[in-house]
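Here's the structure, in structure tokens; my notes come after.
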Amino acid sequence: MSNNEQTAIRFEHVSYSINGKNILYDITGNVPIGKITTIVGPSGTGKSTLFRLSNGLISPDSGKIFVLGKNIEEYDPVSLRKIVALAPQSAPMIEGTVFSNLRLPFDLHGKAFDETEAKKLLHLVNLDPDLLFHDANRLSGGERQKVSIARTLANRPQILLLDEITSSLDPVSQQEIEHLILSINEKYKTTILWITHQMDQAIRVGDFTWMLMDGKLAESGKISELQMSDNVRIQQFIKGETK
Amino acid sequence: MNYFTLTLALIFVFIPLLLSKTLHLGLEKDTVIATIRSIIQLLVVGYLLKIVFETEHLFFIFIMIALMITAATQNARKKGVSIKGITWKLVITFMFIELLTQVILIGFHIIPPTAQYMIPISGMVIGNSMVLAILFLNRFDAEIASRKEHIELILSLGGTPKQAIHKQLIASIKASTIPTIESQKTIGLVQLPGMMSGQIIAGTDPVQAVQFQLLILFLLLTTAVTTSVLLGFLAYPTLFNDRMQFLETRFIKKEK
């Protein structure tokens, strides 16, 4: 498939259900490489499920997913998850310090990791190096998300999946994270998929947007194209009339 | 003790029945069922053991041990949180522990290879292993439920199932074996162990009764730790598939 060359992730008729209930239904679409694609849509429309499928934490009931042109099933799960990294909404921290959280991906893959490298990672996400030996579970929401992003970046992923990473943050921290992600995208050409429930954030950060409704891909394209959509529900969501 | 004195011992059943009736505790039915079941089960076991001891045939010893393992498996399946394929995992665990303990006991001539020793000791080993299996499975389920996010975090970062479940596995092994280890620290201070009391009442020299009790205690340490470790390592791969995906539905909840 020729367009796979410019495509980071391609979904082909992907469906996923739990106990007979359709969570995602017949999703087909391309995520362009090196760009920021935001995923928007009301709660419970399968946005996080799309990420879990892309990271290989679950497999679709039907359909195919291609990552960098290769069927996800052909990847060894460990290599796939190094290429496609997931930063979950809750930014879970393992027990211990910021350092032990940052070294987690290195420990998992038997690689050496020292304080200098940890400080570089903290610098990358604009965090004070003095936080290195603080208890990770006592960080503020913004700091926690930054550590989670830094930990995800440790594997040097080519595709980064961000699941509502700013939803519980104050406006200042939100802005900081947005700048951070934009700079990561620019500096490393990392493909970013970003779930957000804020339309204004999708407009600010996204090159492209996917809108999911009832488990289906209702619309996709540049945000300006979505704003022109004549779909009533999409318009309602853009205006903030549905959550 | 004869059957007449045993009948007199039923007074100890009438006391709770009377209290339950007077205070409307609603324990009568269960008390009566428990009494009847214990009389029948123990008498059957007593007579069966008598036959086995008299014939002293290895075949009967095997049958008795197989029955114990079957009963323990059934009970652990009923009371513990179940995982797909739990039956054979329990059977392997109980068989391994029985084999391990008997090989050491008989191999080092700690006990003679006779029914009189092998069967009661097997009963204690398998019974203890069954309790540990139930404790371990319930704890493992609780640990996983409360740390599901961490399991998926490690998997999403490219960790293997073993790395993802390591903490929960170790925590469950520790939590299920701690009661056995702790209870040994205070043994004899408050309550004399049942087997030792029985031996003393039956006329055995208390020091010899203590020696046997110590043997059992040491055996139970091995039983406890080995059961949890073996069951843990047999159980955790079931929770993942070959795509290294965590399959939460592999835990089958019991309806309460």
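For the range A:102-117, the tally of residues that are part of a helix (DSSP H, G or I) and over 23 Å from B:GLU152 (Cα atoms) stands at 3. Look at (1) outside any helix (DSSP H, G or I); (2) of a type outside the set (Val, Ile, Thr); (3) surrounded by 15 or more Cβ atoms within 10 Å (Cβ to Cβ) and you find that A:ARG156 fails only one, number (3).
For A:PHE133, the test of being aromatic (Phe, Trp, Tyr), within 24 Å of B:GLN168 (Cβ to Cβ) and without any contact (Cβ under 8 Å) to a residue 40 or more places away in the chain is failed. Mind checking whether some residue in the range A:62-71 is within 14 Å of chain B (Cβ to nearest Cβ), without any contact (Cβ under 8 Å) to a residue 40 or more places away in the chain and either buried (at least 21 other Cβ atoms within 10 Å of the Cβ) or touching a Phe, Trp or Tyr at 6+ places or on another chain (Cβ under 7 Å) (or both)? No - not one qualifying residue is present in the range A:62-71. Scanning the range A:28-61 for residues that are hydroxyl-bearing (Ser, Thr, Tyr), in contact (Cβ under 8 Å) with a residue 60 or more places away in the chain and part of a loop (DSSP other than H, G, I, E, B) yields A:SER43, A:THR45. Output yes when any residue across the range B:141-154 is surrounded by 22 or more Cβ atoms within 10 Å (Cβ to Cβ), away from chain A (no Cβ under 14 Å) and closer than 19 Å to B:THR73 by Cα, and no when none is. Checked the range B:141-154: no residue is surrounded by 22 or more Cβ atoms within 10 Å (Cβ to Cβ), away from chain A (no Cβ under 14 Å) and closer than 19 Å to B:THR73 by Cα. Filter the range A:21-45 for residues that are on the phi > 0 side of the Ramachandran plot and in contact with a helix residue (DSSP H, G or I) (Cβ under 9 Å, 6 or more places away or on another chain) and give the result. Hits for the range A:21-45 are A:GLY34, A:GLY41. Can you tell me which of A:THR28, A:THR97, A:THR45, A:THR49 is among the β-branched types (Val, Ile, Thr), out of contact with any Ser or Thr (no Cβ under 8 Å at 6 or more places or on another chain), crowded, with 17+ Cβ neighbours inside 10 Å and over 23 Å from A:GLN145 (Cα atoms)? A:THR45 is the lone residue from the list that is among the β-branched types (Val, Ile, Thr), out of contact with any Ser or Thr (no Cβ under 8 Å at 6 or more places or on another chain), crowded, with 17+ Cβ neighbours inside 10 Å and over 23 Å from A:GLN145 (Cα atoms).
Here are B:THR22, B:THR87: which of them is surrounded by 12 or more Cβ atoms within 10 Å (Cβ to Cβ), hydroxyl-bearing (Ser, Thr, Tyr) and part of a helix (DSSP H, G or I)? Just one listed residue meets the conditions, B:THR87.
For the range B:117-131, the count of residues that are closer than 26 Å to A:ALA87 by Cα and in the same structural domain as B:GLN213 (by TED's automatic domain parsing) is zero.
The values are calculated or read from the model by the stated rules, or taken from the named source; none is laboratory data. Keep in mind that what you see is a predicted model, and the values were worked out from it rather than measured. For neighbour counting, all protein chains shown are included, and Cβ atoms are generated from backbone atoms with ideal geometry for every residue, glycine included.
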